[in-house]
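Trainee: Before I ask anything, here is the structure I am working with.
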Amino acid sequence: ERPVNLASPEDVLLNKLMQQRVEELAFRSIGDVEERVRRLLRIMITSPDCSLTTVAQRIDTHERTLKRQIAAANTSFRAIREEVRFEAACQFLANTRVAVGEVAFIVGYSDPSAFTRAFQRWSGSAPSQWRAAMKRRPLGRRCNPELLALERRASTNCCSPILGRVRHCSDEGRLSAG
């Protein structure tokens, strides 16, 4: 894609509106409501208003309808949001030097201790311990917080509702559907 040379502020605004509309149309083509919510939450997780109401507005559906559609997929908005929070937290912890308290705020927790408790529930270890363990792992095994949490659950036989699907790391260290 070549950048468009925009001559006026109106052109800039029109271009931005057209890009947003293209993104909306592409987003609407995703049939699975759970996946649509998940994708939207991945974009919104660092914003202050990451609520069911906001997501329903962005998807252009009524809040109750969205809640019903998510329930039909045997999950809840809260479960999807927590999974996306966990994924984002793992990415920040594994790939940055941002302090754990800052990661808590970035992914939507107002209290770092609440984040630490949630992270411990998700992964079986405190965020700082998890980060230290990731530094000792080969790069390709760092990329997948879901797989790591499932490994942890399997080794301790604990049952956590946070993760529903398993994704596997490819050789390049990217997520791929499993």
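The values are calculated or read from the model by the stated rules, or taken from the named source; none is laboratory data. Just so we're clear, the structure is a prediction, and the values are computed from it rather than from any experiment. Cβ atoms come from the backbone with ideal geometry, glycine included; neighbour counts cover every protein chain shown. SASA here: full protein model, heavy atoms, side chains in, ligands and nucleic acids out. Shrake-Rupley method; radii C 1.70, N 1.55, O 1.52, S 1.80 Å.
Trainee: Just one of ILE70, ILE30, ILE45 is modelled with pLDDT under 80, surrounded by 11 or more Cβ atoms within 10 Å (Cβ to Cβ), of a type in the set (A, V, I, L, M) and within 30 Å of VAL103 (Cα to Cα); which is it? Don't jump to the end; show me each part of the working.
Mentor: On the way: ILE70 fails: modelled with pLDDT under 80; ILE45 fails: modelled with pLDDT under 80.
Going through ILE70, ILE30, ILE45 in turn, the sole match is ILE30.
Trainee: Further question on the same structure: Being surrounded by 19 or more Cβ atoms within 10 Å (Cβ to Cβ) and more than 24 Å from GLU35 (Cβ to Cβ) is the filter here, so list the residues in the range 80-118 that pass it.
Mentor: LEU93, VAL103, ALA104, TYR109, PHE115
Trainee: Please work out if PRO127 is of a type outside the set (Phe, Trp, Tyr), at pLDDT 95 or above and open to solvent by less than 20 Å² (accessible area, probe 1.4 Å). Show your work before the answer.
Mentor: On the way: of a type outside the set (Phe, Trp, Tyr): yes; at pLDDT 95 or above: yes; open to solvent by less than 20 Å² (accessible area, probe 1.4 Å): yes.
Against the criterion (of a type outside the set (Phe, Trp, Tyr), at pLDDT 95 or above and open to solvent by less than 20 Å² (accessible area, probe 1.4 Å)), PRO127 qualifies.
Trainee: Here is a follow-up. Return the pairs, sorted by first residue and then second, in which the second residue is among the β-branched types (Val, Ile, Thr) and at pLDDT 85 or above, the first residue lies in the range 133-144 and is open to solvent by less than 70 Å² (accessible area, probe 1.4 Å) and in a helix (DSSP H, G or I), the beta carbons are less than 6 Å apart, and the residues are 6+ apart or on different chains.
Mentor: No pair meets every condition.
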